[in-house]
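Asks: Questions regarding the structure given below will be posed in turn.
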Amino acid sequence: MGRMSIRWLLSELPTLEAEGVIDGATADSLRAHYSGSVEGSGRRVALAVCAVFGALLIGGGVILLLAHNWEFLSRGARAAIAITPLVLTQVLAGWVLLRREASTGWREGSAILVALMAATAIALVDQTYHTGGDLESFLWRWALLLAPLPWLLNSTGAAILFLGALTWWAGAAMVGGEQVLLLWPLAAVGVVPHAVQLFRGGRQGLRAANLELAVAIFLCVAAALGLERGVPGLWIVIYCGLFALMIVVGTALRSDEGGMWRRPFEAVGILGSIGLWLILSFVEPWDNIGWHHLRTNEHLHGSTMWFDVLLAVGLPLAALASGAVLLDRRRDRLQILWVAAVPVAAVVWPVIAATDAAWLGALGFNVVLFVTGVGTIATGIRRERLAIVNLGMLVVALLVVVRFFDSELGFVARGIAFIGVGIGFLLANVVLSKRLRSPGEGA
């Protein structure tokens, strides 16, 4: 049972006892059983947070002390100072595995110390012996050293640092015109074993939510960095599929969680979809896309352009297949509504690529925004969920605001649209208020 569910149960115990549903002894037993788990979970989170910040501060302090005295030291002393903190932190990590493996705080703190000392050692040795040479090389070697750390110490903080270093390397390599296809297998090697460890203990913890959030952000950024962009506009289909897949996976993993911040994949997928659809509701992103406008320059790697096509085909298919399974198991039509942009993009993109009718894409995603917003509002009213209603209203409101600044629409059309949406909001508010009104209040 998650912490939110436990807190709700504890808050309901006095009412249940007063109404005679349970007796006092049962209430006391439940309170004693579940109170300890909530308090223990809170203490573990506090210890982990303190350990992480303590490790960051100690690592930063060591780096500053070394930087202050660095120019007065010989090469041998510099090499010894560069390696010694890394060796000491590795010894600490070994002791943690032997003596404190059950402590999340010790594991997280020691893993982050090892990660920071590894970066320091690489940088100092490079500076002393003039090896490495550039930021890209440093980040690549650091990411390679970090890859086994999340699994060895079961550390979510190390996994997040690893994804950050890997993403930074991919960005530096892309700027230099390098191929970054190794980004994906290395990310899988570094994160998947730790994710298996973490989810074996339950998917509802704070560490699991943080890892999911880091992976979701990494996927959004890495999808852009890893594209060759030889076929203009292919990113449209890729990101529609990626965000839809995040929504479906997030719903399947954490549908019983209360707040959206505890459902990172779903939250990132929804926010990403809204932002992407708003961009695609304009004509400009659809101009000059498709195979008639192929790009050729020295920075493109023709041998890896197939990966763009693989993502453009695989991600939408995975999203649609997962959505069909979710609909069959849960009958959750709300998430399916948010996946509907995938077939729209899959149909509109090749038509525009063949005809250059960019207006068709803008029209299609204006319709997607409006239908999704209205459908979400209707679902929220039917389920009597104010948060869902507000999400649908946000989508429709953003669509209206974006179209308000569209110079191709006249003042009369924009004014009518504003009035119509405003009336719709008021009607939705009235209907929802009536549905949520208790029988006693209506008397």
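The values are calculated or read from the model by the stated rules, or taken from the named source; none is laboratory data. Quick caveat: nothing in here was measured; it's all calculated off a predicted structure. Every residue, glycine among them, receives a Cβ derived from its backbone with ideal geometry; neighbour counts consider all protein chains shown. Surface areas here come from the heavy atoms of the whole protein model, side chains and all, with no ligands, DNA or RNA. Shrake-Rupley method; radii C 1.70, N 1.55, O 1.52, S 1.80 Å.
Asks: Where does the charge balance sit around residue 154 when Lys and Arg score +1, Asp and Glu -1, over other residues with C-beta under 12 Å from its C-beta?
Replies: Working: positive: 100, 107, 200, 207; negative: 101, 108.
Around residue 154, the surrounding residues sum to +2.
Asks: Sticking with this structure for a sec: For residue 19 paired with residue 189, estimate the spin-label separation in nm (one decimal), with each label point 7 Å from Cα along the Cα-to-Cβ line.
Replies: Modelled inter-label distance: 5.8 nm.
Asks: Still on this structure, please answer the following. Please list the non-local residues whose amide H lies under 5 Å from the amide H of residue 340, H modeled 1.01 Å from N, same-chain partners needing a gap of 5 or more.
Replies: Under 5 Å from the amide H of residue 340: no residue qualifies.
Asks: Would you please put 388-398, 162-172 in order of how densely packed they are, using the mean number of other Cβ atoms within 10 angstrom per residue and starting with the highest? Walk me through the intermediate numbers first.
Replies: Details: 388-398: 19.3, 162-172: 22.9.
The peptides rank, most packed first, as 162-172, 388-398.
Asks: Could you rank 306, 140, 106 by how accessible they are, 1.4 Å probe, largest area first?
Replies: Details: 306 135, 140 70, 106 110 Å².
Heavy-atom accessible area, descending, gives 306, 106, 140.
Asks: Follow-up question, since we're still on this one. Would you mind putting 373-379, 246-252 in packing order, based on average other-beta-carbon counts within 10 Å, highest first?
Replies: Sorting 373-379, 246-252 by mean packing, highest first, produces 246-252, 373-379.
Asks: State in Å² the accessible area per residue of segment 154-253; use a 1.4 Å probe, count heavy atoms of protein chains only, and round to the nearest integer. Walk me through the numbers on the way to the answer.
Replies: Numbers: 3470 Å² over 100 residues.
Solvent-accessible surface per residue comes out at 35 Å².
Asks: Okay, next question. Along segment 187-196, what does the Karplus equation 6.51 cos²θ - 1.76 cosθ + 1.60 (θ = phi - 60°) give for ³J(HN,Hα), rounded to whole Hz, x for Gly and Pro?
Replies: Here the 3J(HN,Hα) series is 4, 5, 4, x, 10, 4, x, 5, 4, 4 Hz.
Asks: When you have a sec, figure out the Kirkwood radius of segment 159-223 from all distinct Cα pair distances and drop it here in Å to one decimal? It would help to have the intermediate numbers written out before the result.
Replies: Values: mean 1/r = 0.0803 Å⁻¹.
Its Kirkwood hydrodynamic radius stands at 12.4 Å.
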